[in-house]
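Please treat every number below as a calculation from the coordinates, not as lab data. This is a predicted model, so every value here is computed, not measured. Note: ideal-geometry Cβ built from the backbone for every residue, glycine included; neighbour counts use all protein chains shown.
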């Protein structure tokens, strides 16, 4: 079948070579140039030729079709495997993408409350009236499918005053979304360490309360939870504050489980520079002490009110740990 159509003011000829695949033949454009078009959810592969006498290469089209079908089957299989794994978590609600889109008014910028390498976080109101923080992972996110599933596995079955509460998630097509309880006062990185743009007054009493709360959350993960949980990324941006400034440890994508009968696990080094325990960064042997080191850095930040690294300062004042060590030996 051959069909002539108008697209962007260019006369094109469409030839069907398969029930789901078509050639778009554009005599007006340069040879070798190609693009992708979408129409009614039908994948279209376009081959542009410089003259009417140059015909598209059918073998290339067949290979393109075959590659598309294989990739599509892999995506479907991966999606199915994720859903099967999620079905094993009793406390995880599965939300539809449509439901979360409605909850956030179409993921509007007005509702955006955070953004980073992982994607964006939106404030939303669920169907049951509950306010939620809806974390949408970008396709380029540092948090891949493995980290996404790890976060759900670790946090879905535990509940503590000083840990974020996971309501559920969304897994549809290429969408990976986590839904948490909404915390009104953002993170320590945005408030206490945010450069003076915060109206919250962090008295010494409040700072002590935050330090103790984070310690209690870590103690629960390290001792009470079985197998024990090592967070691996304790830092100011992962400590969220509710309306009463009660701290909540968040972001469990890098967490690792350590059985009670083991002292450590060997794993690739992960975390944030400035909070990494030296022995873990060098040797790759992860223990609960890695979190304790990160917590120690966080304590210094909370007490001093500044980030552990500030490149705007003179060279000898940029790294707060060096300043602390220097003060301790002088």
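Pull out the extension gain between residue 265 and residue 172, defined as 0.36 nm times the separation in residues minus the alpha carbon to alpha carbon distance; nm, one decimal.
30.2 nm
Go through 103-110, 296-303 and give me the packing order, highest mean Cβ count within 10 Å leading.
296-303, 103-110
Of the listed peptides 247-254, 271-278, what is their order by residue-averaged count of other C-beta atoms within 10 Å, with the highest listed first?
Peptide ranking by packing, descending: 247-254, 271-278.
With a ≥ b ≥ c taken as the square roots of the eigenvalues of the C-alpha gyration tensor of the stretch 89-181, please select rounded if a/c is under 1.5 and otherwise prolate if a/b is larger than b/c or oblate if it is not?
rounded
Once you have a ≥ b ≥ c as the square roots of the Cα gyration tensor eigenvalues for the stretch 204-329, tell me rounded if a/c is under 1.5, and otherwise prolate or oblate according to whether a/b is larger than b/c. Can you show the working numbers first?
Working: a/c = 2.11, a/b = 1.26, b/c = 1.67.
Here the stretch 204-329 falls in the oblate category.
Using a 7 Å offset from Cα along Cα-Cβ at residue 219, what residues in the stretch 236-260 end up with backbone N under 18 Å from the label point?
246-249, by backbone N distance to the label point.
Which order do 188, 245 fall in if you start with the one that has the fewest other Cβ atoms within 10 Å?
By the 10 Å Cβ count, ascending: 245, 188.
If one computes the Cα centroid of the stretch 277-329 and of the stretch 101-127, what distance in Å separates the two points?
First find each Cα centre; the distance between them is then 32 Å.
Compute the length gained on full extension between residue 158 and residue 198: take 0.36 nm times their separation in residues and subtract their Cα-Cα distance, giving the result in nm to one decimal. The partial results should precede the final answer.
Values: separation 40, 0.36 × 40 = 14.40 nm, distance 3.14 nm.
In short, 11.3 nm is gained.
From the square roots a ≥ b ≥ c of the eigenvalues of the alpha-carbon gyration tensor of the stretch 173-241, which class results: rounded (a/c under 1.5), prolate (a/b over b/c), or oblate?
Since a/c reaches 1.5 but b/c is at least a/b, the shape of the stretch 173-241 is classed as oblate.
Place a point 7 Å from Cα of residue 313 in the direction of its Cβ. Which residues in the stretch 234-268 have their backbone N less than 19 Å from it?
235-237
With a 10 Å radius around each residue's Cβ, average the other Cβ atoms per peptide and rank 124-133, 229-238, 164-173, highest first.
229-238, 164-173, 124-133
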